[in-house]
């Protein structure tokens, strides 16, 4: 029987994310005028954590010319995605405020197994080298012109597509458990959407959980230290059939009771209404996903269908019923949710949409990596 390969401990290269000051001379040459509506960057500064979330959520690493102090670090017409050798020692140094061997190292990164990188077009800059590059060979200027004309939403900034099966085995690096919980939302979203398999992202490494030093550690001790620092972001996915049935029946009965105890008013507005869950890790929500009661719309909201409500009720009336349901689930299970509705349409992907919550929850990508409450 072939020995199982531990991808976490295999040699890796890392794409590190750094804070970007849009007013500085070290900003990318191309900066989108705006992001999709659920992204909220700081106007003048994009944090490394924000850029990591953008990369994971959109499964994409931008190709750039590596501008530093107004000068390109990549010559020629083709930009690239840059990587460095991955080292736990560098992560510990950065965490503890010391200078790492690799000045590019930060506590926010996506890592690739070196063997996979070498076989899929990521090449060392020189031999031997601590720097690696994946070069974009398409017409960069034409792509940028199209984005500037049509906008970034619906367009693709030139770069490396992380969701391709050949990149399976990716690792994610975050500084602490606050960042880990937020990135967990993003990774689960990709899995629930069917964009990637459960094993596409192999692990999440939390720098705060690494030891004070790795000097003198043997192979088994190093393996244990690495494993201890990894956050099991997939643990909440495991839901039994009985758990799914219990949650489905509980949810259905609550909607039925609200339907039967709420008087109907004249219809003024028509449209679809759903319960929007803001936490995709909660056991109750995970059970409803398995039961088929919660689905994702195109933008990535977790929406529970309210099949027991009369669809001919006034839209605002159904919004109020859904608000009451949300409050019940908050008081009973501690679940954060809101209503989500679409005027004159029953398609959850249509616009305009209405929601009692305009911000908050893991769905929104923030610059501070905080799960903001409204």
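Would you call residue 64 surrounded by 19 or more Cβ atoms within 10 Å (Cβ to Cβ), out of contact with any helix residue (DSSP H, G or I) (no Cβ under 8 Å at 6 or more places or on another chain) and more than 20 Å from residue 208 (Cα to Cα)? Yes, satisfied.
Kindly evaluate residue 225 against the criterion of being in contact (Cβ under 8 Å) with a residue 40 or more places away in the chain, assigned by TED's automatic domain parsing to the domain that holds residue 117 and loosely packed, with under 12 Cβ neighbours inside 10 Å.
no
Residues that are within 29 Å of residue 223 (Cα to Cα), surrounded by fewer than 18 Cβ atoms within 10 Å (Cβ to Cβ) and touching a helix residue (DSSP H, G or I) at 6+ places or on another chain (Cβ under 9 Å) occur in the stretch 112-119; there is at least one.
Could you say which residue among 318, 323 is in contact with a strand residue (DSSP E or B) (Cβ under 9 Å, 6 or more places away or on another chain), surrounded by 20 or more Cβ atoms within 10 Å (Cβ to Cβ) and outside any strand (DSSP E or B)? Steps first, please.
On the way: 323 fails: surrounded by 20 or more Cβ atoms within 10 Å (Cβ to Cβ).
After applying the criteria, what remains is 318.
Could we say that residue 285 is free of Cβ contacts under 8 Å to residues at least 24 places away in the same chain and either within 20 Å of the chain's Cα centre (by Cα) or within 17 Å of residue 185 (Cβ to Cβ) (or both) here? Answer is no for this residue.
From 91, 61, 99, grab the single residue that is in the same structural domain as residue 152 (by TED's automatic domain parsing), in contact with a strand residue (DSSP E or B) (Cβ under 8 Å, 6 or more places away or on another chain), at pLDDT 90 or above and more than 22 Å from residue 165 (Cα to Cα). Steps first, answer last, please.
On the way: 61 fails: more than 22 Å from residue 165 (Cα to Cα); 99 fails: in contact with a strand residue (DSSP E or B) (Cβ under 8 Å, 6 or more places away or on another chain).
Unique residue meeting the criteria: 91.
One residue stands out among those in the stretch 120-131 that are in a loop (DSSP other than H, G, I, E, B) and in contact (Cβ under 8 Å) with a residue 24 or more places away in the chain: the one that is surrounded by the fewest Cβ atoms within 10 Å (Cβ to Cβ), which is 120.
Residue 264 meets all of the listed conditions (1) exposed (fewer than 14 other Cβ atoms within 10 Å of the Cβ); (2) in a helix (DSSP H, G or I) but one, namely (2).
For the stretch 81-107, how many residues are in a strand (DSSP E or B) and under 28 Å from residue 364 (Cα atoms)?
So the count comes out to 3.
Of the listed requirements (1) closer than 24 Å to residue 327 by Cα; (2) in contact with a strand residue (DSSP E or B) (Cβ under 7 Å, 6 or more places away or on another chain), residue 258 misses just one: (2).
Can you confirm whether the stretch 179-194 contains a residue that is over 26 Å from residue 336 (Cβ atoms) and touching a residue at least 40 places away in the same chain (Cβ under 8 Å)?
no
Can you tell me which residues in the stretch 349-374 are over 13 Å from residue 277 (Cβ atoms), modelled with pLDDT of 85 or more and not in a strand (DSSP E or B)? 349, 350, 364 - these are the residues of the stretch 349-374 that are over 13 Å from residue 277 (Cβ atoms), modelled with pLDDT of 85 or more and not in a strand (DSSP E or B).
Take residue 329 and decide whether it is buried (at least 19 other Cβ atoms within 10 Å of the Cβ), under 22 Å from residue 257 (Cβ atoms), in contact with a helix residue (DSSP H, G or I) (Cβ under 7 Å, 6 or more places away or on another chain) and outside the structural domain of residue 188 (by TED's automatic domain parsing). Spell out how you get there, then give the answer.
Details: buried (at least 19 other Cβ atoms within 10 Å of the Cβ): yes; under 22 Å from residue 257 (Cβ atoms): yes; in contact with a helix residue (DSSP H, G or I) (Cβ under 7 Å, 6 or more places away or on another chain): no; outside the structural domain of residue 188 (by TED's automatic domain parsing): yes.
No.
The values are calculated or read from the model by the stated rules, or taken from the named source; none is laboratory data. The structure presented is a predicted model; accordingly, all values stated were derived computationally and were not measured. Heads up, the Cβs are rebuilt from the backbone with ideal geometry, glycines too, and the neighbour counts pull from every protein chain shown.
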